[in-house]
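Computed from the coordinates by the stated procedures, all read-outs in this text should not be read as laboratory data. In this text the structure is predicted, and so the values were computed from the model without any measurement. Here the Cβ positions follow ideal geometry from the backbone for every residue, glycine too, while neighbour counts run over all protein chains shown.
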């Protein structure tokens, strides 16, 4: 799958996705310092799912109606960072291409997936860690 990892994400996110064989571009490596609207625009143009820890992308998608090719928002406190990598990889294995049409929030013990067509009207919640 194609991913674009925002520069605010831990570099381990990029490494973990690449290790799983995904095609991953990192904003920190290619477009450091870019505005959020530029980042999400680049993700759309390149057909990539954006992985971010920046809640401002929720504002861009929901309030501003910005188009996207899928957003995965990692919402993990610094103290419990370790599980985020495994949870992200498990979610990608389990949901795959369906993530391209969704705004997904991953937080400790919980995953919320809002399909593009229903954004603003509800979401699918998956409690616990997704497992393959």
* Asked: Could you give the nm distance between label points at residue 12 and residue 55, where each point is 7 Å from its Cα heading toward the beta carbon?
  -> 2.3 nm
* Asked: How much mean residue ellipticity at 222 nm does the chain get from its helices, if each DSSP H run of length 4 or more adds -39500 (n - 2.57) and you divide by all residues, to the nearest 500 deg cm²/dmol?
  -> -8000 deg cm²/dmol
* Asked: Just the projected area, averaged over all directions, of the convex hull on the alpha carbon atoms of the chain: how many nm²?
  -> 7.2 nm²
* Residues in the stretch 7-38 reached by a label modelled at residue 107 [backbone nitrogen below 17 Å; 7 Å Cα→Cβ] -> none
* Asked: Taking 0.36 nm per residue of separation and subtracting the Cα-Cα distance, what length does fully extending residue 75 through residue 28 add?
  -> 15.0 nm
* Inter-site label distance for residue 44 and residue 66 at 7 Å from Cα along Cβ, in nm -> 0.9 nm
* **GNM flexibility winner over the chain from 59, 87, 79 (Cα, springs under 10 Å)** => 79
